[in-house]
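Okay, so here's the structure we're looking at.
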Amino acid sequence: MTGAGEDWLRDGLGVDGMDSGLWVTDVDYVQGWREVREVADRLNRALLGAGFELSELRAVASTNEEGRGVVRVAGWSGAVNRLAALLEADGDGGVR
């Protein structure tokens, strides 16, 4: 789920991808990212449906150091607090 502009991933949230910055030649990072891209898009659609803007809170498809797909949630503290309140209001603390 893309935002408006070519640099939508970094439009204020400072989301830059892999944490370590080191790439191992035998690891297929792109495949791991492809596996979780649709899941991140689904979560972004849910966040939009809950009234969040992707410029304040978003799910980002990424990979870990082994190339395994990871969905990271990045957001400003106010938006994350609102999300936490929504999950807590779920009746059981959001825990399943």
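The values are calculated or read from the model by the stated rules, or taken from the named source; none is laboratory data. The model shown is predicted, which means the values in this text are computed figures rather than measured ones. Heads up, the Cβs are rebuilt from the backbone with ideal geometry, glycines too, and the neighbour counts pull from every protein chain shown. Note: accessible area is taken over every heavy atom of the protein model, side chains too, but ligands, DNA and RNA are not part of it. Shrake-Rupley method; radii C 1.70, N 1.55, O 1.52, S 1.80 Å.
Out of A46, A79, A59, one residue alone is surrounded by 17 or more Cβ atoms within 10 Å (Cβ to Cβ), modelled with pLDDT of 95 or more, in a helix (DSSP H, G or I) and aliphatic (A, V, I, L, M). It is A79. Once the range 64-76 is narrowed to residues that are open to solvent by less than 80 Å² (accessible area, probe 1.4 Å) and in a loop (DSSP other than H, G, I, E, B), the residue that is nearest to D28 (Cα to Cα) is G67.
Scanning the range 18-37 for residues that are surrounded by 13 or more Cβ atoms within 10 Å (Cβ to Cβ) and modelled with pLDDT of 70 or more gives V27, Y29, G32, W33, R34, E35, V36, R37.
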